[in-house]
1. I'd like to check something: does region 52-59 contain any residue that is surrounded by fewer than 19 Cβ atoms within 10 Å (Cβ to Cβ) and closer than 24 Å to R123 by Cβ?
2. Could you list, in sequence order, the residues of region 113-148 that are of a type in the set (A, V, I, L, M, F, W, C), part of a helix (DSSP H, G or I), modelled with pLDDT of 95 or more and over 17 Å from F33 (Cβ atoms)?
3. Looking at A8, A18, can you tell me which residue is hydrophobic (A, V, I, L, M, F, W, C) and over 26 Å from N132 (Cα atoms)?
4. Could you please let me know if S88 is touching a residue at least 12 places away in the same chain (Cβ under 8 Å) and of a type in the set (S, T, N, Q)?
5. Which residues, counting only those in region 100-140, are free of Cβ contacts under 8 Å to residues at least 40 places away in the same chain and in contact with a Lys or Arg (Cβ under 7 Å, 6 or more places away or on another chain)?
6. Among the residues of region 111-136, which ones are under 13 Å from G99 (Cα atoms), surrounded by fewer than 16 Cβ atoms within 10 Å (Cβ to Cβ) and of a type in the set (S, T, N, Q)?
Amino acid sequence: MAHEPIGAEVRRLVAARARGLCEYCLIHELDTFFGCEIDHIVSRKHGGTANPENLAYACMFCNRYKGTDLGSRLENRIELIRLFNPRSDWWSEHFAIIGAEIVPRTDIGSVTCTILRMNDTERLLEREALRNAGMYPREEALALLKSR
């Protein structure tokens, strides 16, 4: 099965819609060494398409850690809990920012924080340095959080 390519126009649309922010951890593409890239919310492996409604803007770390995962389990629980979906979920419903930490508010937030390793030491240090410089969360992220 051939994969449909993601054209330049769709890439621009996804980046603009996200205001240059990773839609998972809210770091701005200019503030992370590797920038951001296009993520298939539902991976091609699981039947996801290159339709903009299945695409998110993600920093390299969130995108790589997410991989093709759709969900996970919480400790001592049997049921599968889906990952956060930037197209259908409100970020502020599932997460909060306290200092440099992204704190989950829901089970979806918890599995997403765990799978995407949002609070690994290196990522916390990066966000803390940006926070100290007044760059995390950026105004674009604050505006996004207030609008949802």
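1. No, region 52-59 has no match at all.
2. Scanning region 113-148 gives C113, I115.
3. One residue alone meets the criteria, A8.
4. no
5. Answer for region 100-140, where residues must be free of Cβ contacts under 8 Å to residues at least 40 places away in the same chain and in contact with a Lys or Arg (Cβ under 7 Å, 6 or more places away or on another chain): A100, I108.
6. N132
The values are calculated or read from the model by the stated rules, or taken from the named source; none is laboratory data. Just so you know, these numbers come straight off a predicted model, no measurement behind them. Backbone-built Cβ (ideal geometry, glycine too); neighbour counts: all protein chains shown.
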